[in-house]
1. All but one of (1) in contact with a Lys or Arg (Cβ under 7 Å, 6 or more places away or on another chain); (2) open to solvent by less than 20 Å² (accessible area, probe 1.4 Å); (3) at pLDDT 95 or above hold for PHE29; which doesn't?
2. Could you tell me whether region 76-88 includes any residue that is surrounded by 13 or more Cβ atoms within 10 Å (Cβ to Cβ), part of a helix (DSSP H, G or I), in contact (Cβ under 8 Å) with a residue 24 or more places away in the chain and not hydrophobic (A, V, I, L, M, F, W, C)?
3. Sort through VAL110, VAL92 and tell me the only one that's β-branched (Val, Ile, Thr) and either open to solvent by 20 Å² or more (accessible area, probe 1.4 Å) or not in a strand (DSSP E or B) (or both).
4. Within region 27-53, can you find the residues that are farther than 14 Å from ALA77 by Cβ and either part of a loop (DSSP other than H, G, I, E, B) or basic (Lys, Arg) (or both)?
5. Scan region 11-26 residue by residue and report those that are assigned to a strand (DSSP E or B) and either of a type in the set (Asp, Glu) or closer than 17 Å to GLY105 by Cα (or both).
6. Is there a residue in region 37-51 that is out of contact with any Pro (no Cβ under 9 Å at 6 or more places or on another chain), surrounded by 11 or more Cβ atoms within 10 Å (Cβ to Cβ) and among the aromatic types (Phe, Trp, Tyr)?
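The values are calculated or read from the model by the stated rules, or taken from the named source; none is laboratory data. Here the structure is a predicted model, which is why all the values come from computation and not from measurement. Neighbour counts are summed over all protein chains in view; Cβ atoms, including those assigned to glycine, are modelled from backbone coordinates with ideal geometry. In case anyone asks, the SASA skips ligands and DNA or RNA and just uses the protein heavy atoms, side chains included. Shrake-Rupley method; radii C 1.70, N 1.55, O 1.52, S 1.80 Å.
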Amino acid sequence: QAQFVESGGGLVQPGGSLRLSCVASGSIFSIYAMGWYRQAPGKQRELVASITSGGSSNYEDSVKGRFTISRDATKNAYFLQMNSLKPGDTAVYYCNYKPPATYWGQGTQVTVSS
C-alpha cells in the first residue's frame, strides 16, 4: 500500500502562488496516472489536475491556466504549481492515483485570504 505525503500548503493572499509537492512511500508514481484533489469545507473532494504516465495533463475548468501539474520521476515526486490563487481555491489538497485509491494521505492546507 502506497503512502501519499503532501506538503507545500500555507496561507497566501489572493493572486499569490504556492507549489505543492507529493512524495511516494511504497509506490513509484511515474508509472501511474496521478492526480491532485482538493476538498473545501462542506464540499465533496474533487479532482483538480491529473497527469498520465506519459506526461499528458488535464485540469478542472476552474483552475485551467492557473495550475500546472508536473512530475520528477528521478525523485519519485510530483507537484502542483498554483498561480493567481483565489479565495475559492481554499481547501485541503491531496495527491493520489487517478482514479484514486480508497486511502488518502493527510493532505496539505491551502488558505487564500487577505
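1. Status for PHE29: all satisfied but (3).
2. no
3. Numbers: VAL110 fails: either open to solvent by 20 Å² or more (accessible area, probe 1.4 Å) or not in a strand (DSSP E or B) (or both).
Criteria check complete, one pass: VAL92.
4. ALA33, ARG38, ALA40, PRO41, GLY42, LYS43, GLN44, ARG45, THR52, SER53
5. So in region 11-26, the residues assigned to a strand (DSSP E or B) come out as 11-12, 18-25.
Answer for region 11-26, where residues must be assigned to a strand (DSSP E or B) and either of a type in the set (Asp, Glu) or closer than 17 Å to GLY105 by Cα (or both): LEU20, SER21, CYS22, VAL23, ALA24, SER25.
6. Of region 37-51, the ones out of contact with any Pro (no Cβ under 9 Å at 6 or more places or on another chain) are 38-44, 46, 48-51.
If we keep only those that are surrounded by 11 or more Cβ atoms within 10 Å (Cβ to Cβ) too, we end up with 38-40, 46, 48-51.
Among the residues that remain, those that are also among the aromatic types (Phe, Trp, Tyr) are: none.
Within region 37-51, none of the residues are out of contact with any Pro (no Cβ under 9 Å at 6 or more places or on another chain), surrounded by 11 or more Cβ atoms within 10 Å (Cβ to Cβ) and among the aromatic types (Phe, Trp, Tyr).
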